[in-house]
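FYI, it's all coordinate maths here, none of it is from the lab. None of the values given here were measured: they were computed from a predicted structure. For neighbour counting, all protein chains shown are included, and Cβ atoms are generated from backbone atoms with ideal geometry for every residue, glycine included.
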Amino acid sequence: MTDRIKAVIVDDEMHCIETLQWQLANYCPQVDVVDTFISPVKSLKFLMYHEIDLLFLDVEMPVLNGFDLLHALPKKDFALVFTTAYDEFAIKAIKHHAIDYLLKPIDRQELEQAVRTALQSKMELENRLEELMKEMEIDTHTKIAIPTPDGVELVDKSEIIHCESDSNYTHVYSAEGRRYTVAKTLKEIEEQIDSDQFIRVHQSHLVNFNHVERYHKSEGGKLIMSDQTEIPVSRRKRTELIERLH
């Protein structure tokens, strides 16, 4: 890491962003704020495609809260500081898992300390976040983030019917009749979805078990999905599928 620290601020209140920017400029001059977002959804695409060193993230935001945003990111290779006016239980949980936080209004000394400690401890961030979310019983497994030409769309996993591999791309088909093309392999999408309701029935196909309507043994085996798409079942996956059907 260079001496300069690239930081992003995500907060749905502009006055909080402006205050934190001023504090960083005056108290932590080694921090360069490269961008700010009042929309957590818009911040997702930036964070997915840009490398940063430090993220200041509000906990409570509309549409997508701080925990949802973190879960939607495929990787979290940056230091994290929560900025929050959240309830006492959440603060205790965040502190217990050694994740840095700043309570609004932000104190100068606490800001300086948070910047130092967050950067020192970022290597273990992902494991601590997972433990924190479990303790707070936060359901972070309902949506996945799909990049689109306009930004990032959050799609309910329950609305995904099936996913089809196309070399290093994957086509994701939704119950609304939409098709998303994602620059990820099917294996990467499977890992991102990470849900028991999905099953890999073929090298090129991942299906949502809740959208399976019928199974035909003919032609080596195929599934009829809720959108009437026919999905082939490989010989290797047939036994596992039949066990699930029963």
Using 0.36 nm per residue of separation minus the Cα-Cα distance, give me the extension gain between residue 85 and residue 39 in nm, one decimal. 14.8 nm
So, in nm, how far is label residue 32 from label residue 188 when the simple model puts each one 7 Å beyond its Cα toward the Cβ? 2.7 nm
Note down the nm distance, to one decimal, between modelled labels 7 Å out along Cα→Cβ at residue 226 and at residue 244. 1.5 nm
According to the Cα gyration tensor, what semi-axes, each the square root of 5 times an eigenvalue, does the equivalent ellipsoid of the stretch 1-48 have, listed from largest to smallest in whole Å? 19, 15, 4
Full-extension gain between residue 204 and residue 112, please, as 0.36 nm times their residue separation minus the C-alpha to C-alpha distance. 28.1 nm
Eigenvalues of the alpha-carbon gyration tensor of the stretch 155-245, times 5 and square-rooted, give semi-axes in Å, largest first, of 20, 14, 12
Can you quote the Å³ per residue value for the convex hull of the Cα atoms in the stretch 1-80, rounded to an integer? 79 Å³
How far is it, in nm, from the label point at residue 171 to the one at residue 158 when both lie 7 Å from their Cα along the line to the Cβ? 2.7 nm
